[in-house]
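Everything below concerns the one structure shown next.
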Amino acid sequence: MLDGNSVRDRILSGLQPRVAALAAASRPPGLAVVLVGNDPGSQIYVRNKVKACAELGIVGHTLTPPAGIATEELLAVIDGLNRRPDIDGILVQLPLPRQVDTRRVLLAVAPDKDVDGFHPMNVGNLVAGRPGPRPCTPAGIMELLRQYQIPVAGKRAVIVGRSDIVGKPMALLLLHAHATVTVCHSRTVDLASVCREGEILVAAMGRPAMLTADYIRPGAVVIDVGMNRITDRAEAERIFRGSPDRLATLERKGSVLVGDVDPDAMRQKAAAYTPVPGGVGPLTIAMLMSNTVSAAEGWQ
Ligand code: NAP
């Protein structure tokens, strides 16, 4: 089992001396998180990000414009943050309310403060293998593979999902690390047989426990990015047939988290795998901190 929490802890302890050096030389790094509206899920994510900043000595600023904000007003907020010398990183928590033009807002973030790595300029930097922020979740997965010394060069990697925040950047990072990469999506024909080619299989579809034993090559390294909250007892019983503790979580909390890969199948067929929770999840915030520190240092 690949332990995301311990990888996160090592990433964060590697950042501590860099934060201290920045603070000693001028000022600690600063991260601005823009949270529009009152979405409870987003509020939890933002709270966790700001907490991680505080623990590391990064100054976290939370801005909470009202849910009814217009695109132009939000652009003015971003412009103000772009100009502030004490802010090294800007993160706009998604999703934004419907009336806001998300693309324009993300485009307005200065590329050197774009700690999510979503700006088209940084997407280009990623494609070209130039320095710059990499999207946090796939960057965290690369760090996990590196820390566990899992070879990537020459391996067949299969990614299921082609989103801008996970699937596509994951494909590019694995390609730069010399894997032979296949990217699958909802139109892929005979998905199971394509997945079975993967010596490294990355699941990022947002479909609870969809990849069953049929999709996993024996001895594969399986990275489960999915984070699906399920509330249905029958569905939970089917997925967690061998894990009474997870069913107990459902009883206690009213919901339980499941990845995109069937947990039993993953345990039985994979040589190594990330659990949900405790696998990929903890890495995302750690890489956000890493990107913020790199932004404060000036991308090198
Ligand atoms: P997304 O934008 O909804 O993209 C999902 C992708 O999966 C799409 O490319 C879609 O194909 C593909 N897909 C959907 N159903 C499929 C099917 N039945 N067969 C094959 N492909 C299918 O999702 P995302 O933002 O990348 O997130 C994916 C999952 O990762 C979610 O569960 C999310 O919560 C989780 N996540 C976790 C973290 C973390 O920190 N652990 C971070 C980000 C995301 P099409 O393009 O053809 O529609």
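The values are calculated or read from the model by the stated rules, or taken from the named source; none is laboratory data. This is a predicted model, so every value here is computed, not measured. Methodologically, a virtual Cβ is constructed for each residue, glycine included, from the backbone with ideal geometry; neighbour enumeration extends over all protein chains shown. Heads up: the accessible areas ignore ligands, DNA and RNA and are worked out on the full protein's heavy atoms, side chains in. Shrake-Rupley method; radii C 1.70, N 1.55, O 1.52, S 1.80 Å.
Would it be correct to say that Ile87 is part of a helix (DSSP H, G or I), within 23 Å of Pro29 (Cα to Cα), over 20 Å from the mean Cα position of the chain (by Cα) and at pLDDT 95 or above? So Ile87 fails the test. Is it the case, given these coordinates, that Asp224 is within 10 Å of the ligand (Cβ to nearest atom) and either over 22 Å from the mean Cα position of the chain (by Cα) or of a type in the set (Asp, Glu) (or both)? Yes, satisfied. Does the range 66-73 contain any residue that is open to solvent by 60 Å² or more (accessible area, probe 1.4 Å) and of a type in the set (Ser, Thr, Tyr)? Within the range 66-73, none of the residues are open to solvent by 60 Å² or more (accessible area, probe 1.4 Å) and of a type in the set (Ser, Thr, Tyr).
Within the option set Ala23, Ala108, being surrounded by fewer than 18 Cβ atoms within 10 Å (Cβ to Cβ) and either closer than 21 Å to Pro138 by Cβ or of a type in the set (Gly, Ala, Ser) (or both) holds for one residue only, Ala23. Looking only at the range 189-206, count how many residues are open to solvent by 60 Å² or more (accessible area, probe 1.4 Å) and within 20 Å of Leu173 (Cβ to Cβ). Qualifying residue count, the range 189-206: 1.
Yes/no per residue for (1) more than 14 Å from the ligand (Cβ to nearest atom); (2) assigned to a strand (DSSP E or B); (3) open to solvent by 10 Å² or more (accessible area, probe 1.4 Å):
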residue: Leu144; (1), (2), (3): no, no, no
residue: Ile150; (1), (2), (3): yes, no, yes
residue: Ala157; (1), (2), (3): yes, yes, no
residue: Lys168; (1), (2), (3): no, no, yes
residue: Val181; (1), (2), (3): yes, yes, yes
residue: Arg187; (1), (2), (3): no, no, yes
residue: Glu237; (1), (2), (3): yes, no, yes
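Of all residues in the range 213-235, those that are under 21 Å from Gly281 (Cα atoms) and open to solvent by less than 90 Å² (accessible area, probe 1.4 Å) total 9. Residues in the range 239-263 that are part of a loop (DSSP other than H, G, I, E, B) and surrounded by 15 or more Cβ atoms within 10 Å (Cβ to Cβ): Phe240, Ser243, Gly259, Asp260, Asp262. Leu94 meets all of the listed conditions (1) open to solvent by 50 Å² or more (accessible area, probe 1.4 Å); (2) farther than 21 Å from Tyr45 by Cα; (3) aliphatic (A, V, I, L, M) but one, namely (2).
Taking the stated definitions as given, is Ala209 surrounded by 24 or more Cβ atoms within 10 Å (Cβ to Cβ) and outside any helix (DSSP H, G or I)? Against the criterion (surrounded by 24 or more Cβ atoms within 10 Å (Cβ to Cβ) and outside any helix (DSSP H, G or I)), Ala209 qualifies. The requirement of being part of a helix (DSSP H, G or I), surrounded by fewer than 17 Cβ atoms within 10 Å (Cβ to Cβ) and either more than 11 Å from the ligand (Cβ to nearest atom) or of a type in the set (S, T, N, Q) (or both) is fulfilled somewhere in the range 265-283, by at least one residue. Is it the case that some residue within the range 123-131 is outside any helix (DSSP H, G or I), touching an Asp or Glu at 6+ places or on another chain (Cβ under 9 Å) and open to solvent by 20 Å² or more (accessible area, probe 1.4 Å)? No; the residues of the range 123-131 include none that is outside any helix (DSSP H, G or I), touching an Asp or Glu at 6+ places or on another chain (Cβ under 9 Å) and open to solvent by 20 Å² or more (accessible area, probe 1.4 Å).
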